[in-house]
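Presented below is the structure to which this report refers.
The values are calculated or read from the model by the stated rules, or taken from the named source; none is laboratory data. Every value quoted in this text rests on a predicted model; they were computed, and no experiment measured them. No Cβ is skipped: glycine too gets one built from the backbone with ideal geometry, and neighbour counts run over all protein chains shown. Accessible surface areas use protein heavy atoms only, side chains included; no ligands, DNA or RNA. Shrake-Rupley method; radii C 1.70, N 1.55, O 1.52, S 1.80 Å.
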Amino acid sequence: MKSICFILLLCGAGNIVAQNLVQQKLEQLPVYHPDEFKSAGGDWLLGSTKAVTHIFKSTNGNDLTITNGLVSRKFRLQPYMACYEFKNLMTGKEMLRAIEPEAEIEINGKSYNVGGAVGQFERGYMQYDWLNKFSNDVHAFQLVDFSIRDIQSRFEWNPGRWATNKQWPPQGKQIDFTFRLLGNDLQGVTLDVIYEMYDNIPLMSKSMIVHNEGNRIIRINTFKSEKLAMVEESSGVNTEGVFPSPHICIQSDYTFGGNSFADANHTTYWLTDSLYSSQVNYNLQSHCLVESKPPIGPEYVLQPGKNFETFHTYELMYDGYDKERCGLAERKMYRILAPWITENPIFLHLTTTDPGKVKAAINQCAEVGFEMVILSFGSGLDMEDTSNINIEKFKALADYAHLKGIEIGGYSLFSSRSIDSVNDVINPKTGKPGGAIFGDAPCLGSKWGLEYLQKLKTFITKTGFNVLENDGPYPGDICASTTHPGHDGLKDSQWKQWYLESSFYQWLRKKDVYLNAPDWYFLNGSNKTGVGYREDNWSLPRERQIILGRQNIYDGTWDKAPGMSWTFVPLTQYHGGGDAATIEPLHNHLDAYQAHLAQNFGSGIQACYRGPRLFDAPATEALVKKEVAWYKKYRNILNADIIHIRRPDGRDYDAIMHVDAKGKEKALVMIYNPLDIKINRKIKLPLYYTGLTTIARIREKENAIQLYHLNRDYSVEVSVGIAAHSYTWLVIE
């Protein structure tokens, strides 16, 4: 008994020291006066708001606030640590109705809360003075320290090519809250809960790092790095019907298996809250509790002296329900968190590796203004062949391309193929290969998978390739093998494979290797994914491909900026369709070729122009050169955000508009006529996101400027005439 009491006394003394340290640091912060600290007036989506992140203490000295004037988060630090406010300052809406632990983590089979409070008697709302009635959860990880610094780079990026944003890391502030358990349990284990708030956007992130500073191995079974009791979006009484989630964008960088975040999201779980007994729904089924956690594992073995870092959860506040505005907010988030998505080079998908033909294609790219050659699938490129003869062949081609000012790289397939029974993903239901997400797939943690990554690194390094098109990136397969060297078993297989893929992509970012990947790996380094199309549609007749291609662009740019997507142009046959589906011979189908070039460049979305060449006659060369020159003249505005005006339906005109309130050109509008006759239309253009307020200077193509007075809703009406199966464009200054 005496020894137990002595330990408790030591723990109590240690906790008092920690509380004093936290209090001392808190006292050094400036006092938060909400009426005095506000972001400069204006609209943050127009870039007219100076929303700089600051960190304050409360007047009573117990609380810490992090805010940029658009969003704020408040924490009670003494005598317990808990987030009690998460506020949308743009709308005034409080998102939280109750306190949850800062996180939850299971270590060595035992679950622990991180911070939090006990004694809550109401979970439908909370008043500030109630915080004094709650008490500390002595069994949870306790706050022992915190530090503040500028946001740090998650990994290295050395930008070299054209881009609209090269700011890295993002600007803002970071708070590291350090926690430790009292008593003998998990001695030497500390846990950091890390918050980041970004300047000029209502966005935060949250992650955790576990430090094993003890002398024993620990196993991190699973974790919840975010848990929020949020105000429900609706109050449905009955059990039937839809229970919408609260209106906030929550994403993470633990993504795979989709070319949109909706498909690739595996960490955001909107749940019911059985403790919220005062909610309107009789069966307590409202979706009002959100958890950010991995779907399985990670079951991570953490050695003494090592650290484990979770994924990052990103929380973006919307300031309305307008679909376009919400999309603009998400696109700005990716421009800030993954600025490499703004690079967007023009590339040829070359279907041969014959050195003479590759050099000819490189010459054509240089002549017309293309910037990159990707040796396509079916070209004969094998990046897994690291023999001297193969390396020397492609190094010579890379050297030639670089002399011409052209970047070069190639295609490599990982998933949706079988290696063998030893290296393939093992199905946990059968104990055998097969049944993976794409049917058959290798395990990235197998001997073959680890060698595959190393071979690509070796090939890229020795050849000087600037581009990788990594088809079939790791899509989230779990693997039941217990013999693969890259993971222990089923429960850690997803985490380990995702980590291997993400680390490889971050290595590519460090080397400034451009990365196409048909998956949502943007936050871990990928540049571009598909805009969203059915591959078989590129085997349809040319005239149908054109309108369907514009539909793909229109639909695929609600949640993706132009630089995040590629589309496709079958210069030669793709899956099928014969002569009716292809552009070759190019000089015979200049109308279709121009239509593809115009709508792709006009949207700012680069296409995989797949074939052996870019032109086959002087007229073809002149066409491509002209379209590229036009794109480069307006490159900044064509890479700016898209406002969706009218979706292509083949029945009337369709249109999109790029906007950039900070640019020389405030907007550029593309208008298409799919009909067999000339049309004359009066089109309403919503100009709010141009930043213009009174007068717009508008010209059609390179014609004379006309002045338009904006209506009270920031719109103008413009009359245009468009020839059959043609297009026009407007520039707004």
- Message: Could you check the range 200-230 and list, in sequence order, the residues that are outside any strand (DSSP E or B) and either modelled with pLDDT under 95 or surrounded by fewer than 23 Cβ atoms within 10 Å (Cβ to Cβ) (or both)?
- Response: 213, 214, 215, 216, 217
- Restricting the range 305-337 to residues that are of a type in the set (D, E, K, R), open to solvent by 20 Å² or more (accessible area, probe 1.4 Å) and under 11 Å from residue 202 (Cα atoms), the residue that is nearest to the chain's Cα centre (by Cα): 330
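Looking at this structure, is residue 472 open to solvent by less than 20 Å² (accessible area, probe 1.4 Å), touching a residue at least 12 places away in the same chain (Cβ under 8 Å), touching a Pro at 6+ places or on another chain (Cβ under 8 Å) and on the phi > 0 side of the Ramachandran plot?
On the way: open to solvent by less than 20 Å² (accessible area, probe 1.4 Å): yes; touching a residue at least 12 places away in the same chain (Cβ under 8 Å): yes; touching a Pro at 6+ places or on another chain (Cβ under 8 Å): yes; on the phi > 0 side of the Ramachandran plot: yes.
Yes.
So that you can scan it fast, the table gives a plain yes or no per residue for (1) over 21 Å from residue 661 (Cβ atoms); (2) outside any loop (DSSP other than H, G, I, E, B):
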| position | (1), (2) |
| --- | --- |
| 321 | yes, no |
| 327 | no, yes |
| 335 | no, yes |
| 345 | yes, no |
| 353 | yes, no |
| 363 | yes, yes |
| 370 | yes, no |
| 374 | yes, yes |
| 392 | yes, yes |
- Note on the structure: Note on residue 382: of the conditions (1) assigned to a loop (DSSP other than H, G, I, E, B); (2) in contact (Cβ under 8 Å) with a residue 24 or more places away in the chain; (3) out of contact with any strand residue (DSSP E or B) (no Cβ under 6 Å at 6 or more places or on another chain), unmet is (2)
- Only unsatisfied item for residue 421, checking (1) part of a loop (DSSP other than H, G, I, E, B); (2) touching a residue at least 60 places away in the same chain (Cβ under 8 Å); (3) over 16 Å from residue 514 (Cα atoms), is (2)
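Does residue 132 satisfy being at pLDDT 95 or above and open to solvent by less than 60 Å² (accessible area, probe 1.4 Å)?
No.
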- Yes/no for residue 644 being in a strand (DSSP E or B), closer than 25 Å to residue 332 by Cα and open to solvent by 10 Å² or more (accessible area, probe 1.4 Å): yes
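Yes or no, residue by residue, for (1) hydrophobic (A, V, I, L, M, F, W, C); (2) modelled with pLDDT of 95 or more; (3) more than 27 Å from residue 727 (Cβ to Cβ):
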{"residue": "489", "(1), (2), (3)": "no, yes, yes"}
{"residue": "496", "(1), (2), (3)": "no, yes, yes"}
{"residue": "505", "(1), (2), (3)": "no, yes, yes"}
{"residue": "514", "(1), (2), (3)": "no, yes, yes"}
{"residue": "523", "(1), (2), (3)": "yes, yes, yes"}
{"residue": "528", "(1), (2), (3)": "no, yes, no"}
{"residue": "531", "(1), (2), (3)": "yes, yes, no"}
- From the residues in the range 429-451 that are surrounded by 22 or more Cβ atoms within 10 Å (Cβ to Cβ) and within 28 Å of the chain's Cα centre (by Cα), which one is nearest to residue 383 (Cα to Cα)? 449
- Item | Pairs where the first residue, in the range 124-147, is over 23 Å from residue 112 (Cα atoms) and the second is polar (S, T, N, Q), C-beta under 7 Å, 6+ apart | 124/278; 124/279
- What tally of residues in the range 546-567 results from selecting those that are open to solvent by less than 30 Å² (accessible area, probe 1.4 Å) and either in a loop (DSSP other than H, G, I, E, B) or over 17 Å from residue 672 (Cα atoms) (or both)? 10
- Could you grab me the full set of residues in the range 448-472 that are assigned to a loop (DSSP other than H, G, I, E, B), at pLDDT 95 or above and not aromatic (Phe, Trp, Tyr)? 464, 466
- Query: Does the range 685-704 contain any residue that is surrounded by 16 or more Cβ atoms within 10 Å (Cβ to Cβ) and over 22 Å from residue 634 (Cα atoms)?
  - Reply: no
- From the set of residues in the range 79-107 that are among the small types (Gly, Ala, Ser) and in contact with a Gly (Cβ under 9 Å, 6 or more places away or on another chain), which is surrounded by the most Cβ atoms within 10 Å (Cβ to Cβ)? 103
- Item | Residue, nearest to residue 128 (Cα to Cα), within the range 25-41, restricted to residues that are open to solvent by less than 60 Å² (accessible area, probe 1.4 Å) and part of a loop (DSSP other than H, G, I, E, B) | 32
- Within the range 489-510, is there a residue that is over 28 Å from residue 642 (Cα atoms), in a loop (DSSP other than H, G, I, E, B), among the aliphatic types (A, V, I, L, M) and open to solvent by 40 Å² or more (accessible area, probe 1.4 Å)? yes
- Counting only residues in the range 425-441 that are touching a residue at least 12 places away in the same chain (Cβ under 8 Å) and assigned to a loop (DSSP other than H, G, I, E, B), the one farthest from residue 519 (Cα to Cα) is identified as 431
- Using the structure shown, decide if residue 666 is open to solvent by less than 70 Å² (accessible area, probe 1.4 Å) and basic (Lys, Arg). yes
- Task: Please tell me if residue 195 is aromatic (Phe, Trp, Tyr), touching a strand residue (DSSP E or B) at 6+ places or on another chain (Cβ under 7 Å), free of Cβ contacts under 8 Å to residues at least 60 places away in the same chain and not in a loop (DSSP other than H, G, I, E, B).
- Result: no
- Members of the range 709-726 found to be open to solvent by 50 Å² or more (accessible area, probe 1.4 Å) and in a strand (DSSP E or B), listed by number: 709, 717, 719
- Among the residues of the range 248-263, is any open to solvent by 10 Å² or more (accessible area, probe 1.4 Å) and over 30 Å from residue 322 (Cβ atoms)? no
- Might you let me know whether the range 500-519 holds any residue that is free of Cβ contacts under 8 Å to residues at least 40 places away in the same chain and under 18 Å from the mean Cα position of the chain (by Cα)? yes
- Being basic (Lys, Arg), open to solvent by 10 Å² or more (accessible area, probe 1.4 Å) and more than 20 Å from residue 175 (Cα to Cα) narrows it down to one of 110, 57, so name that one. 110
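Is it fair to say residue 670 is touching a Gly at 6+ places or on another chain (Cβ under 7 Å), modelled with pLDDT of 95 or more, part of a strand (DSSP E or B) and aliphatic (A, V, I, L, M)?
Answer is yes for this residue.
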